Structures are given as C-alpha cells and as structure tokens.
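Remarks on the structure that follows.
A short reminder: the numbers here are calculations on the coordinates, not readings from a lab. Not measured: the values here are computed from a predicted model. In this analysis, Cβ positions are derived from the backbone assuming ideal geometry, glycine residues included, and neighbour counts consider all displayed protein chains.
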Ligand code: SER
Ligand code: ZN
C-alpha cells in the first residue's frame, strides 16, 4: 500500500528570509524522528517521509509519501503540529490550515473495485494495483476519512476474494434422525385449515386462535424451562429504532436494504394535514405524493435485531459488580425485515415475533450463560418437542447483519444456529434446513459500542433470539398439525386447541 500526498500549508504571514534553513531542519527532523515514532524496526521503509518541498510567499508546499506506517496524511498532521511549535513560535506566525492538492493511494487487489466511492475522484486499475485519487479537505483528514476509505476498499477487496455470500458453517452436533410422518409444506396446510391468513401487508400473517395457542404454549415452555430456571427478568425494549442506535450497534454499516423506514409528520397541526384528509374524503384514495411532502426524512426504522434497543439503557453507565451478570429478555413487540421475494412460508416473513434474551457480564459469565442456555434449548428440543435438529457454528449474526465477512478464527465469540430438518424440502443431506434458533456470544462489541463499563475488568454480552414463527415452522414441518400425533409432553401442555373461526 502506498500513499502519496501533496499539501499546501498556509501561514498567517509571508515566510521571512532565512526560513528555508529552519524548514529544512524541521523536515529532516520529521523524516528522521517524528515520522518514525511507533514504527516497528522492520517496517522503517514504510514510514512517511517528505520527499519534496518548496515555499512561496506565505505557503509551504510539501509532498509526503508512505507505506502502511505513519501514513502520509498522519505524517501531515504530525508535521503541522511540530511546525507550529518551531517555525511558528520562532517567527510568530501561525499555520492557518492546508489544502490537499493531490492525494493518491495505491493498493494491491486481485481485481478492480468498480464502484463510486465517497471522497474518491477517480479509481483506476492496472497490473493488480488499484489507484485512488482522493478529494479531501483538511477537515476530512481530521475526521479520519482517508483511513476509512482504505478500510472500505480493503473490505471490498476481501468481498471479491471470498464472495459476499461466504458464510461460515461448521457442524457442531446433530440429533438422531426422527421418523418422518409429515411431508407437506406446513404453511400450505396451515392456510388450508385456516389457522393463518395473509395479512394485508407484505410478508405478514394473521395468526388464528389455534396456532396462537401453539405460540403461547411455546412461550410458556420458554418461561418455565429457560427464563425462570436461569433467572432472566423481563424488560421492554423500544421497537422504533433511531439511527443513533444503529450507528452504535453497527447496523448502520449494512442494514439499509432490509429495514422498514419510519418517518414522522413535519407537523401535527390538523390544518397542515387538511388537504390530505380532504383529498381522501373526496376520492377515497390516499394522496401519497402529498403525504410524502409532509413527512420528515426517516428517523430510523422498525425493530430489526431486537437487542440493539436495549443498550441505550446501559449507555455511558458503569454496572455495579453485584448486578452482573445482567440477564434480561424482551417480548414486547414485533421485528420487521424487508425480505427478498418468495416470502410464502411462515418461516420467512417481514413481520415476526421473537423473545430476545440478552445477558451481560465478564467473559466467563457470558460464556457460562450461553452454555446454560444451550443446555436448556437442547432439553426443550429433545424432550418436549422431539425435533430432529442440529447445531452449526456460523458467521456471527452481527457480522452478517453489517455485511462483514467472517475470516476470524477467534472461537470464543460467535453465533451458533440451531437448524431443523424440514421433510417437505427433500432429503436430509440435500435439502436446506431451517435456522430456528440462535445463541451468540458477542464479545465486547455492544459494551464498546454503547460505552458501558464495569467496576473492574472487561464487559461482554450475548444474545439469543427465539422466533416463534421459526419454532412453529420447524415443529409443524416435522410433526404436522394434528395434535394426536404430537409428542405427548407437548400435546399435554397445549391441552386443547381452540376451535377457530368457521367461514361459510
Ligand atoms: N439479535 C440477534 C439477531 O438479530 C438475535 O436475535 O439475530
Ligand atoms: Zn440480539
């Protein structure tokens, strides 16, 4: 990687005669001391250095080149500061600022990166070398834009190498095979029996009394076998998520194609809206164009991952040791994802219901809580629901949601997915199984993002989402819809299904 930058530093007054000697000295110092600071001995050649300079009137023009260490723009910042203290003090002139006239970054890449990038005037590719011409101001450099552009391009290069779809998947455990006695698509069967009907909105179902009884039985099992047994307390997390939360959770890096955006009215004055209401009353049509003009830019979106909204409760706080590990859950509302086409089943929907479990503590506490949860899930899936299922280590959910590629080999942080065999999709080895449950150890990501501390040591967290639609999809696909054929323990807990609503 190479950086090559030309900048004009502007002084508050013309440089006096003889200043060139002082400048030469400052530049030599910078090249031999200032830019070398913190650079490993073996990488000296990569450190920034000023290779050309000249002055005219009140300007000093310098060209700085570097490799990965003390990158040219970082060298510029250091040099500017040092210069203020030497030349500036000596001649009583200040540095007013600088322009960056040219800033070229060269990076190795197997293939061209062909996208428009912010702050990049031009991109070219030749001989496995990507050349970026930046258009950045002093403020942009102070805001660390150049390094972020480098990170972004490295991310894109990595994506080319591994493909955006690359997800880690590694089998951890699998249950015994269970005898298959239902081979239909459960959603079709649910629709046929009118246990569910399509909601009016995309990817939305209206769940009738029978399936809702199944959901609430799941919830009772979860309460008894998990939340009470492991000591989790209920909280209520907000369901409208402002950008600020997603900036801290990392979702702002990649969630855009999948969120439902939320806007508020520009005014709540009924008069401001009178033309809209009048238009509707006269036409029975919603005047969308008019409404668009009267609402603000989206202030965020609907709940997507559920746990991010918990964190502002902790934000900026130091948690007392006696409160650790914090163990809470939320089931106060729906989650929403704009899913890509083909949303027919209840397993892939735009609106879903989930109990989200969150725990916070030191790394031992967090790992231990994850293991306890895994044991309880295993008990439910084996002994109560009698499912055929397996566990796989996958790309951590937060990396997947941020669009990051998982190339780390750190084993302690990550997500395990629980997958269920869906007989209607075909043979076990060939068909896609359904992810119906996850457990994640998220490391220090959230405490770090929301600036949460403990009295001593580092803080970690974990979360686990229990999607009721997913549990139902897995269960019905394997056991069908007739309670007589359901595992005894579960059937007993359900006791009796409500009659439902008959249509003529
Ligand atoms: N927050 C996690 C997710 O969105 C677990 O529910 O997958
Ligand atoms: Zn979560």
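At 7 Å along the Cα-to-beta-carbon direction for both residue 261 and residue 81, put a label point, then send me their distance in nm to one decimal.
4.0
Mind pulling up the Rg/Rh value for region 281-334? Radius of gyration and Kirkwood radius, both on Cα. It would help to have the intermediate numbers written out before the result.
Numbers: Rg = 20.0 Å, Rh = 15.8 Å.
My calculation of the ratio gives 1.27.
Could you work out the relative contact order of region 332-433? I mean the mean sequence separation of Cα pairs under 8 Å and 6+ apart, divided by the number of residues, in percent.
Numbers: 78 pairs, mean separation 18.0, N = 102.
18 percent.
Return the calculated 222 nm mean residue ellipticity for the chain, to the nearest 500 deg cm²/dmol, obtained by summing -39500 (n - 2.57) across DSSP H runs with n ≥ 4 and dividing by the residue count. Could you put the intermediate results ahead of the total?
Numbers: 14 runs with 138 residues, N = 504.
Taken over the chain, the calculation gives -8000 deg cm²/dmol.
Please work out the FRET efficiency for the pair residue 57 and residue 161, using the Cβ-Cβ distance as r and a Förster radius of 35 Å; give the result to the nearest 0.05.
Step by step, r from the Cβ atoms, then E = 0.10.
When the chain is fully extended, how far beyond the present Cα-Cα distance does residue 171 get from residue 99, taking 0.36 nm per residue of separation?
Working: separation 72, 0.36 × 72 = 25.92 nm, distance 5.47 nm.
Gain in length upon complete extension: 20.5 nm.
Run the quick spin-label model on residue 29 and residue 138: label points 7 Å from Cα toward the beta carbon, then report their separation in nm to one decimal.
Each label point lies 7 Å from its Cα, and together they span 2.1 nm.
So how many Å³ per residue does the convex hull of the Cα atoms of region 369-504 work out to?
Values: hull volume 26.3 nm³, N = 136.
Residue-normalised Cα hull volume stands at 193 Å³.
Is region 340-429 best put as rounded, prolate or oblate by its Cα gyration tensor, with a ≥ b ≥ c the root eigenvalues, rounded for a/c under 1.5, and otherwise prolate when a/b is larger than b/c, oblate when not? List each step's numbers first, then the result.
Numbers: a/c = 1.69, a/b = 1.25, b/c = 1.35.
Cα axes put region 340-429 in the oblate bin.
Based on the mean of other beta carbon atoms within 10 Å per residue, what is the order of 40-46, 117-123, 249-255, most packed first?
Details: 40-46: 10.4, 117-123: 13.7, 249-255: 19.4.
Ranked by mean Cβ neighbours within 10 Å, highest first: 249-255, 117-123, 40-46.
Can you list the residues of region 360-402 with backbone N under 18 Å from a point 7 Å past the Cα of residue 455, pointing along Cα to Cβ?
Inside the label zone: 360-366.
Please give the helix 19-29 orientation as an angle from the longest Cα principal axis of the chain, in degrees from 0 to 90, rounded to the nearest 10.
Roughly 50 degrees between the two axes.
Calculate how steeply helix 72-83 sits against the longest principal axis of the alpha-carbon atoms of the chain, using the helix alpha-carbon long axis, and give the answer as 0 to 90 degrees to the nearest 10.
It works out to around 50 degrees.
Can you give the angle from 0 to 90° between the axis of helix 145-162 and the longest principal axis of the chain, with both taken from C-alpha atoms, to the nearest 10?
Rounded to the nearest ten degrees, it is 50.
Given an 8 Å cut-off on Cα distances and at least 6 residues of separation, report the relative contact order of the chain as a percent.
Working: 871 pairs, mean separation 76.7, N = 504.
Relative contact order for the chain comes out at 15 percent.
Kirkwood hydrodynamic radius, computed over distinct alpha-carbon pairs, for the chain: how many Å, to one decimal? If you can, show how the numbers build up before the last one.
Numbers: mean 1/r = 0.0365 Å⁻¹.
Answer for the chain: a Kirkwood hydrodynamic radius of 27.4 Å.
Sort 236-247, 412-423 for me by packing, meaning the mean count of neighbouring Cβ atoms within 10 Å per residue, highest on top. Display every interim value, and only then the final one.
On the way: 236-247: 17.2, 412-423: 21.8.
The densest-packed peptide leads the list: 412-423, 236-247.
If each of residue 492 and residue 36 carries a label point 7 Å out from its Cα toward its Cβ, how far apart are those two points in nm?
7.9
Would you please put 109-115, 258-264, 328-334 in order of how densely packed they are, using the mean number of other Cβ atoms within 10 angstrom per residue and starting with the highest? Don't skip to the answer; put the middle values down first.
On the way: 109-115: 12.6, 258-264: 15.3, 328-334: 19.0.
Descending mean neighbour count gives 328-334, 258-264, 109-115.
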